[in-house]
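Below: one structure, written as C-alpha cells.
The values are calculated or read from the model by the stated rules, or taken from the named source; none is laboratory data. The shown structure was predicted, so the numbers you read here are calculated from the model rather than taken from an experiment. Backbone-built Cβ (ideal geometry, glycine too); neighbour counts: all protein chains shown. Side chains are part of the model used for accessible areas, which takes the heavy atoms of the whole protein and leaves out ligands, DNA and RNA. Shrake-Rupley method; radii C 1.70, N 1.55, O 1.52, S 1.80 Å.
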Amino acid sequence: MENFVVIDLGSNSVRMTITRINEDGTHETVTHMKEFVRLSENMGEKKILQPAAIERTMKALHSFKDIYKKLDNVRIKAVATAAVRQASNQKAFLKQVKSEIGINLEVISGTQEAYYDYIGVTETLPITNAILIDTGGASIEIVLVQNGKVTNLISIPIGSVTISSEYDLGNHVSASELFKAVISINEIFQNIWWLKNGLNLPIIGLGGSNRTLAKINRRRDRLFNMEDVHGYQIKDTQVNKTFEDIISLDFEGRKEVPGISKDRADIIVGGLIPVILLMNYLDSEKITFSTSGLRVGILYERLHDILRENVANQ
C-alpha cells in the first residue's frame, strides 16, 4: 500500500491530494486540501515572487506536511506551474521549499501541464473529440483532442490573476478595459493556427474560474450536490448570461453571488473571458466541466507505472 501525495502549486492556489493505492492498483482519495495563496500576486514585469506571497505559500505547504508526515509509505509528487515557471527568483524559491519543507518542487512546462490535464479528463470522462481549456491564475492550457488522442496543445502565459490585474477588472469593470482585454485574448486565439480544427466541438472546462462558472449555474438551478460539477454541462446561452450578470457587478456585489468564493471575486471576470471568447470563436454550443485535471493526470500516470511494474514482475 502506498500513500501517494500530489501537491499542485499554482498561481492562485496550492492543492494537495492524498490517494491510498493498494497493491492491486485499486485506489481511493483519503485527503484533499486547498489554500488560496496568490503566489503570482504583484509579480510585475520583472516576474518576481513577492515576500508576502511566498510566506502564504510556505505556510500552506507546512500545513500540508503536517498531514502527510503522519502517514506510512509516502510517495510525493510536487509540481509548480505558471507563477514559479515565470519567476525570475525561481531558484531561490525552490531552494527555500527544499530547505523548509524537504520536498523537491518540480517546475513543469506548460505543455506538460496541458498533457496532464488531458490524461485527467480522458481517464474520467467519455471524451472523443473536444477542446480542453484550463484557465489558471497565470496561464491557460488548451488541448485539441481528436479520436481520443491529443493532436495539439499549447500553454499561454496569461490567466485569471494576470488578466484581471492588467485590465483592472477586480472591482468596477469599465467598458474600455473590458474591450482591451477581449481584443487582446481574441488576437491570441487567432494566432493559434490549429485552433479552428476545433470548430463546433464541445468545450471541456477546467481550472478554478471555469469551475466557478459551473457552481454559479448549479446553484441558480438549485441542483442537488451543488459542489459536484464533474461532468456537468451548460449551454453557451447560459454561459453568456452568467458573464453578463457578473460584469455588471462590482467586487462587493460579486462576493454575494452564490457560487463565487470571496477569494475569487476579484479575478473571476478575467478568469471567465478566455472561455467566453473560445466558445464564441469555435461556435461551441455547450461546455462540460471537469474537476479532473493536473492532479488526477499525475495520479493516473502513477497508476499506469504501478500496472507496468506488476506486469513486469509476474
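Go through the stretch 149-162 residue by residue and tally those that are out of contact with any strand residue (DSSP E or B) (no Cβ under 7 Å at 6 or more places or on another chain) and at pLDDT 95 or above.
1
Out of the residues in the stretch 196-221 meeting the condition of being in a helix (DSSP H, G or I) and open to solvent by 30 Å² or more (accessible area, probe 1.4 Å), tell me which one is nearest to K241 (Cα to Cα).
Across the stretch 196-221, the extreme among qualifying residues is R220.
Quick test for you: out of D117, D168, pick the one residue that is buried (at least 24 other Cβ atoms within 10 Å of the Cβ), of a type in the set (D, E, K, R) and touching an Asp or Glu at 6+ places or on another chain (Cβ under 7 Å).
Just one listed residue meets the conditions, D117.
Do we have any residue at all in the stretch 163-181 that's at positive phi and in a loop (DSSP other than H, G, I, E, B)?
yes
Restricting the stretch 269-314 to residues that are under 22 Å from E28 (Cβ atoms) and among the charged types (D, E, K, R), which is surrounded by the most Cβ atoms within 10 Å (Cβ to Cβ)?
R295
To keep it simple, each residue is scored yes or no on (1) in contact with a Phe, Trp or Tyr (Cβ under 7 Å, 6 or more places away or on another chain); (2) under 22 Å from Y116 (Cβ atoms); (3) among the basic types (K, R).
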residue	(1), (2), (3)
S139	no, yes, no
S176	no, no, no
V182	no, no, no
I216	no, no, no
V229	yes, yes, no
V239	no, no, no
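Could you tell me whether S40 is of a type in the set (G, A, S), under 21 Å from G159 (Cβ atoms), assigned to a loop (DSSP other than H, G, I, E, B) and open to solvent by less than 30 Å² (accessible area, probe 1.4 Å)?
When the stated conditions are applied, S40 passes them.
I'd like the residue in the stretch 68-90 that is assigned to a loop (DSSP other than H, G, I, E, B) and open to solvent by less than 50 Å² (accessible area, probe 1.4 Å) and, out of all such residues, is farthest from K46 (Cα to Cα).
By that ranking, first place goes to T81.
Of all residues in the stretch 48-60, which are within 20 Å of V6 (Cα to Cα) and either at pLDDT below 95 or out of contact with any strand residue (DSSP E or B) (no Cβ under 7 Å at 6 or more places or on another chain) (or both)?
I54, R56, M58, K59
Can you name the residue in the stretch 226-283 that is of a type in the set (F, W, Y) and part of a helix (DSSP H, G or I) and, of all such residues, is farthest from S174 (Cα to Cα)?
Y281
Assess whether T19 counts as being open to solvent by less than 10 Å² (accessible area, probe 1.4 Å) and either in a helix (DSSP H, G or I) or under 18 Å from I158 (Cα atoms) (or both).
Against the criterion (open to solvent by less than 10 Å² (accessible area, probe 1.4 Å) and either in a helix (DSSP H, G or I) or under 18 Å from I158 (Cα atoms) (or both)), T19 does not qualify.
Give the stretch 239-268 a look and list any residue that's open to solvent by 60 Å² or more (accessible area, probe 1.4 Å) and touching a strand residue (DSSP E or B) at 6+ places or on another chain (Cβ under 9 Å), or say none.
D263 - this is the single residue of the stretch 239-268 that is open to solvent by 60 Å² or more (accessible area, probe 1.4 Å) and touching a strand residue (DSSP E or B) at 6+ places or on another chain (Cβ under 9 Å).
Across the stretch 22-37, which residue is nearest to G297 (Cα to Cα) among those that are open to solvent by 10 Å² or more (accessible area, probe 1.4 Å) and β-branched (V, I, T)?
That would be T29.
Return the only residue of I154, I127 being in a strand (DSSP E or B) and open to solvent by 20 Å² or more (accessible area, probe 1.4 Å).
I154
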